[in-house]
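Novice: Take a look at the following structure, please.
The values are calculated or read from the model by the stated rules, or taken from the named source; none is laboratory data. Since the model is a prediction, treat every value here as computed from it, not as a measurement. Cβ sites come from the backbone with ideal geometry, for glycine too, and all protein chains shown count toward neighbours.
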Amino acid sequence: MKKILLAVGAVIVVLAAVFVFLSSRPPKSPPGTATFSQGNIDAKVTYHRPYKKGRLIFGEKSAGALVPFGEYWRLGANASTAITFGKNVTFAGKPVNAGTYRMYAVPSATTWKVTLNSEPSRFGIRQPDHDKDVATAEVPVETTPDKLEQLTIGFVPDGANAKLEISWDGTVVHVPLAAN
């Protein structure tokens, strides 16, 4: 009986040690947050920031791209990316009410379609309910010689307005935001 109790105790100790070890490691795609508050624009993005790790990020599916052209991408890793507006705004010229939206993209080589969706659940890797799409912006792709290792989403002031900036590897897109 003592041997069984000792064995069970040893298993519990090993499992606890493994749990502590795994929970203390930094996540592969750590969470990120960006905020912007200027004039009548008050916005916050929460997302998870994957790393490039030598992979082809944007490109053709047949080439093994992590984010294939023409396909839904949740704009990050793990859970879906959320954007919150504290006041009504225009998203690339389209009116959007204050509130929290899920944001996703469909990238191509020359443009991205960036969409806000009102679906309350975190749809993650599954396709969102497109009937709940609120606004879609088609924005041009900019390339940069700088290869950004980690996905970064933030805001760039643009006079009295702002641009939502999404950048990773050598790709950058900007979605104009304005007070509504």
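Novice: Give me a count of the residues in segment 84-117 that are more than 23 Å from Val141 (Cβ to Cβ), hydroxyl-bearing (Ser, Thr, Tyr) and in contact (Cβ under 8 Å) with a residue 24 or more places away in the chain.
Specialist: 1
Novice: So, in segment 119-149, how many residues would count as being modelled with pLDDT under 95 and assigned to a loop (DSSP other than H, G, I, E, B)?
Specialist: Total satisfying the criteria: 11.
Novice: Could you look through segment 50-78, keep only residues that are under 11 Å from the mean Cα position of the chain (by Cα) and either surrounded by fewer than 19 Cβ atoms within 10 Å (Cβ to Cβ) or not basic (Lys, Arg) (or both), and pick out the one that is nearest to Glu165 (Cα to Cα)?
Specialist: Leu75
Novice: Now for a different question. Output the residues belonging to segment 109-123 that are surrounded by 14 or more Cβ atoms within 10 Å (Cβ to Cβ) and not basic (Lys, Arg).
Specialist: Thr111, Trp112, Val114, Thr115, Leu116, Asn117, Ser118, Glu119, Phe123
Novice: Of the residues that make up segment 124-133, is at least one more than 21 Å from Leu177 (Cα to Cα), touching a residue at least 12 places away in the same chain (Cβ under 8 Å) and buried (at least 16 other Cβ atoms within 10 Å of the Cβ)?
Specialist: Yes, because at least one residue in segment 124-133 is more than 21 Å from Leu177 (Cα to Cα), touching a residue at least 12 places away in the same chain (Cβ under 8 Å) and buried (at least 16 other Cβ atoms within 10 Å of the Cβ).
Novice: Out of segment 150-173, which residues are in a strand (DSSP E or B) and surrounded by fewer than 14 Cβ atoms within 10 Å (Cβ to Cβ)?
Specialist: Val156, Pro157
Novice: I've got another one for you. Suppose we filter segment 79-102 for residues that are of a type outside the set (Val, Ile, Thr) and surrounded by 16 or more Cβ atoms within 10 Å (Cβ to Cβ); how many remain?
Specialist: The qualifying residues number 8.
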